[in-house]
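The values are calculated or read from the model by the stated rules, or taken from the named source; none is laboratory data. These numbers were taken from a predicted model, which means no experiment stands behind them. All Cβ positions, even for glycine, are placed from backbone atoms using ideal geometry, and neighbour counts span all protein chains on display. We work out accessible area using only protein heavy atoms, side chains counted, and drop any ligands, DNA or RNA first. Shrake-Rupley method; radii C 1.70, N 1.55, O 1.52, S 1.80 Å.
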Amino acid sequence: MSTSASIVSHSPVLPLLIALLTASLTLLSRRSLKLTISLSLLGTCAYVASIISLLFSVQSGPLVYQFSAWPAPYGISFVADSFALLLLCIAAIVTAGVLVYSITTVDESKQKFSYHSLLHFMLFGATGALLTGDLFNLFVWFEVTLMTSYVLVTFYSTSKQTKAGMTYVILNLIGGAFMLISIGGIYATTGTLNLADLSHRLSQPDLYNISMPSVMLFSMILFVVFALKSGLVPLHFWVPIVYQAAPSPISALLSGVVKKVGLYAMIRIFFTVFPSGDSTPLGELSILTIFGISLFILSAASIIFGGISALSQDNIDNLLAYSSISQMGFIMLPLSLAALFPSIRQMALIATIILTLNHSLAKASLFLASGCIKNAIGSANLSDLGGLSRHSPILSISVFVSIFSLVGIPPIFGFFGKLHLLILPLNTEPIQTMYSSLFILILLVGTVLSFLYAIHLWNTGFWGEISSTVSDSTIPVQNQYILLFFTLMLISLGVGFESISPLIESASRSAIDSSGYIEAVLYHR
Amino acid sequence: MTTLITQTAARIVAPLIFVTAAILFIQGHNSIGGGFISAVLIVSAIALLYIAYGTSDLTRLLNISPSTLNRRLLVSGLLLIIITGSVPILLNMPFLTQAFLILPPLPFLGELKISGAILFDLGVLFTVTGSLLSILSGVSR
């Protein structure tokens, strides 16, 4: 095909290439572990640098990259906007932290095997999923991410991991099949897979002869698939099984990166693509109304159910898994209001983004802490622990800060998420008393529940007498430094919230800016 | 399964599969076929040979351990993909942009269009062959 003479900016494809190259090279350097580790670290640094520079260059508007120089609705577009890049930035930071932790804790023979390569392939998949502007391509990147997570979940191939892996693989295959069906259906009804073109066509359904009821049906199937992938009640049952069986660094990645990919896709599709078609409702119901109401119910159920279940857990990993279900509810709850009330959409997205960043960082730190405890003490059961705060202060400080950041105690980062949640229902116009009061009620109950399970974790595991199992063991200090990194990050993001809030605000703006998205992709060249 | 009948059948069938794979590979960039499907065919032919002759004979023939071979195939395929995809970047064109060349008519094959994507496809072929063979050797153990 003809190539334009204009200078192409390759920066949107750079992170993808860095991740792929690092993954391949770490596979090659099997002879020497030192070489593998240095390649892996170098690749991660380059990746983080490329993401951060891209994050600042898209603040003025999204960057679009057309693969193979095929123009927009036909070729595959990559759309780098500030929303996708903010989430990628956190994914990169969490992966970097997990990688550094893994170097000292994962067996050397296993690291030689393919561990580093798999981590980079996971990052590769997440990058593609967050940057792609094509619905089918999104599915492919989802599969790339999941394929690596299958291997990583069953990494030590113990019987427990194999069993959890089976559940995880089968559920995701079913989810993937439904996702493919609904993508096929959307393609058949609208005639396009490019997200921007899809959004453009949905704004004029009569012109393109689109039957809106079919689009509505397929969008609801997509919603169920995303709810499964992000572990909302009643599709949450895989979360505790998988998180408890997987190696701790992998649980950190699953909650910090893989789940967030599903969340991103949900926001991108329901808030960037579908709103343009929402002006043509079907009777009383439009896509976003149905989405909003079902999401409200599911996320409220997740908050309450996850919180209550977490209270009764004795195993740290199980407690964290149930807390993850509850936190996913908190992240999704503002989205339901955003879907129902367009006037508060941006405010709700801000709350969601803050809570997402907070959850990724805090959960990564908590799962790595649980990994430290398991490695040193051999058990993650709270009944075997006690007095950890005197035994290993660094670890305890990190756990304290992270778990209370999830609760939302000032001045930690999580507080700002809860703050934005709380002011949300007061801004609906006209004030919807039913939704507002329900929203606040759920919020309060959920926060009290998360406070209670945080206290439960802290009191039984970290305060009190040092138990015999704890006093006999030592937790290597070098493993704890990386926890401190996450803790400092949570505190500094909280204290210096003013400096990061422009980034969050522009991310929330670009997440709901359908016309800007369409313009950038379809009329860029 | 290493009976005379299987061995004779495999000796006839395996070359046919290899030729089919080659044809599918060459026409892959603008018609039915491609790197993935020909890799699957190649692996099925190798699996047939494994069944007929056993793994040890083939390993001796190639003078290399299967796991090393598979890993090298996989990694070289990935690197080939990255390199062929990135060449356009050096020429200031988007990643994965391809160029093509129409060859003068050849006997039997007719007019052939050779595109840059065929090298990319070769990378896919190596990667898929390497990974499928390592799965096969893992399962057969």
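Hand me the list of helices (runs of 4 or more DSSP H) wholly inside the stretch A:413-525 holding 2 or more residues that are of a type in the set (S, T, N, Q) and buried (at least 16 other Cβ atoms within 10 Å of the Cβ).
Numbers: elements: A:414-423, A:433-461, A:468-471, A:477-495, A:497-511, A:514-522.
Here the list reads A:433-461, A:477-495, A:497-511.
Can you give me the ranges of the helices (runs of 4 or more DSSP H) entirely in the stretch A:334-411 with at least 3 residues that are of a type in the set (A, V, I, L, M) and more than 17 Å from A:Gln244 (Cα to Cα)?
Numbers: elements: A:345-377, A:388-391, A:393-407.
Filter on the stretch A:334-411 gives A:345-377, A:393-407.
Can you name the condition, by its number, that A:Phe113 falls short on among (1) surrounded by fewer than 24 Cβ atoms within 10 Å (Cβ to Cβ); (2) under 27 Å from A:Ser510 (Cα atoms); (3) within 14 Å of chain B (Cβ to nearest Cβ); (4) among the hydrophobic types (A, V, I, L, M, F, W, C)?
Of everything listed in (1) surrounded by fewer than 24 Cβ atoms within 10 Å (Cβ to Cβ); (2) under 27 Å from A:Ser510 (Cα atoms); (3) within 14 Å of chain B (Cβ to nearest Cβ); (4) among the hydrophobic types (A, V, I, L, M, F, W, C), A:Phe113 misses just condition (2).
Output yes when any residue across the stretch B:111-128 is within 12 Å of another protein chain (Cβ to nearest Cβ), open to solvent by less than 30 Å² (accessible area, probe 1.4 Å), β-branched (Val, Ile, Thr) and not in a helix (DSSP H, G or I), and no when none is.
No, the stretch B:111-128 contains no residue that is within 12 Å of another protein chain (Cβ to nearest Cβ), open to solvent by less than 30 Å² (accessible area, probe 1.4 Å), β-branched (Val, Ile, Thr) and not in a helix (DSSP H, G or I).
So if I check each of A:Ile353, A:Ile308, which one is out of contact with any strand residue (DSSP E or B) (no Cβ under 8 Å at 6 or more places or on another chain), modelled with pLDDT of 90 or more, of a type outside the set (D, E, K, R) and surrounded by fewer than 19 Cβ atoms within 10 Å (Cβ to Cβ)?
Numbers: A:Ile353 fails: surrounded by fewer than 19 Cβ atoms within 10 Å (Cβ to Cβ).
Just a single option satisfies the conditions, and that option is A:Ile308.
Go through (1) among the polar types (S, T, N, Q); (2) assigned to a loop (DSSP other than H, G, I, E, B); (3) open to solvent by less than 10 Å² (accessible area, probe 1.4 Å) for A:Gln313 and report which single condition fails.
(3)
Across the stretch A:15-69, what is the total count of residues that are over 30 Å from A:Val106 (Cα atoms), of a type in the set (A, V, I, L, M) and free of Cβ contacts under 8 Å to residues at least 24 places away in the same chain?
Here the count works out to 0.
Test of understanding: among B:Ser76, B:Ser86, B:Ser137, which residue is within 28 Å of B:Ser44 (Cβ to Cβ), within 12 Å of another protein chain (Cβ to nearest Cβ) and hydroxyl-bearing (Ser, Thr, Tyr)? Please lay out each step first, then the result.
Values: B:Ser86 fails: within 28 Å of B:Ser44 (Cβ to Cβ); B:Ser137 fails: within 12 Å of another protein chain (Cβ to nearest Cβ).
Exactly one of B:Ser76, B:Ser86, B:Ser137 is within 28 Å of B:Ser44 (Cβ to Cβ), within 12 Å of another protein chain (Cβ to nearest Cβ) and hydroxyl-bearing (Ser, Thr, Tyr), namely B:Ser76.
Have a look at A:Met179, A:Met147, A:Met166 and point out the one that is out of contact with any helix residue (DSSP H, G or I) (no Cβ under 9 Å at 6 or more places or on another chain) and either crowded, with 20+ Cβ neighbours inside 10 Å or among the aliphatic types (A, V, I, L, M) (or both). Explain how you work it out, then say what you get.
Numbers: A:Met179 fails: out of contact with any helix residue (DSSP H, G or I) (no Cβ under 9 Å at 6 or more places or on another chain); A:Met147 fails: out of contact with any helix residue (DSSP H, G or I) (no Cβ under 9 Å at 6 or more places or on another chain).
Going through A:Met179, A:Met147, A:Met166 in turn, the sole match is A:Met166.
Within the stretch A:1-105, considering only helices (runs of 4 or more DSSP H) that don't extend past its boundaries, which have at least 1 residues that are open to solvent by 60 Å² or more (accessible area, probe 1.4 Å) and closer than 23 Å to A:His524 by Cα?
On the way: elements: A:14-28, A:33-57, A:82-105.
In the stretch A:1-105, A:14-28, A:33-57 are the helices (runs of 4 or more DSSP H) which contain 1 or more residues that are open to solvent by 60 Å² or more (accessible area, probe 1.4 Å) and closer than 23 Å to A:His524 by Cα.
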